[in-house]
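Here the structure comes first, spelled out in structure tokens, and everything after it is commentary.
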């Protein structure tokens, strides 16, 4: 399925804002609501009217504008069932495996605990779109605030099961920092080195590093390659479980 339009923009200090628009119906969803004014500015640029907010998790920098936008537009807020009591203005609670319709486009809910206990991602299979927020970044993943590494690896494995051409929008412009860290874990990775050069060129040209794809991340992100023999050897973890290698990589990033 095609026809959806996407507006990507920056909000706060390093958040990405995303608007998803169906021109046939006029429906427009904001993926999270990090800050009201940048969202209003993006809507005005495109001439769209907000109808929905898809909330991925409860952190303040993803829900700050929920109530203001609901008061202004009367939007429907869809969010994670396991964090429903923490999502301002929530109207519809959804959990792992749930499906709903956005302007004729099927949306699947993938629960990805790790960064928070009830974090969800929104997957549009017919449009090959994934809104991953703070579960999966370009060359990174979210900090493990509310669930351990084993749970986060299970969550990331769900996303790795999606088709390589799935386009991934994520929650923060952390990509350069992630790239600098990634080469400390995978110093000999040719694909990663090429990716780092591409990222540096994009940022130098004033471009966003979002979106990415599942395929690109699968090939280059050390967070998604704990089974890679070179990474395991570099970390001295040749015989560890994948989730243990992932946990070591995440811990090193925390201290980077």
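Coordinate-derived values only; no laboratory data. No experiment lies behind these values; they were computed from the predicted model shown. Positions of Cβ are backbone-derived with ideal geometry, glycine not excepted, and every protein chain shown enters the neighbour counts.
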Practice prompt. Over the range 5-170, calculate the relative contact order: mean separation of alpha carbon pairs under 8 Å at least 6 apart, over the residue count, as a percent.
Written response: 15 percent
Discussion item. List residues of the range 1-39, by number, whose backbone nitrogen lies under 19 Å from a label position 7 Å along Cα→C-beta of residue 71.
Written reply: 33-39
Discussion item. Suppose the chain between residue 99 and residue 84 were pulled fully straight at 0.36 nm per residue; how much longer would it get relative to their current alpha carbon spacing?
Written reply: 3.7 nm
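Among 227-238, 14-25, 191-202, 54-65, what's the highest-first ranking by average C-beta atoms within 10 angstrom per residue?
54-65, 14-25, 191-202, 227-238
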Worksheet item: Taking the simple approach of a point 7 Å from Cα along Cα-to-Cβ for both residue 164 and residue 234, what is their distance in nm?
Response: 2.1 nm
Discussion item. Which three extents, in angstrom, do the Cα atoms of the chain have along their principal axes, listed largest first?
Written reply: 54, 39, 33
Worksheet item: Taking the chain as a Gaussian network, where each spring joins two C-alpha atoms under 10 Å apart, which residue of 221, 27, 13 fluctuates the most?
Response: 13
Discussion item. Suppose the chain between residue 204 and residue 49 were pulled fully straight at 0.36 nm per residue; how much longer would it get relative to their current alpha carbon spacing?
Written reply: 52.5 nm
Practice prompt. Please give the residues of the range 151-166, grouped as numeric ranges, whose backbone N is less than 18 Å from a label point set 7 Å along the Cα-to-Cβ vector of residue 218.
Written response: 153-166
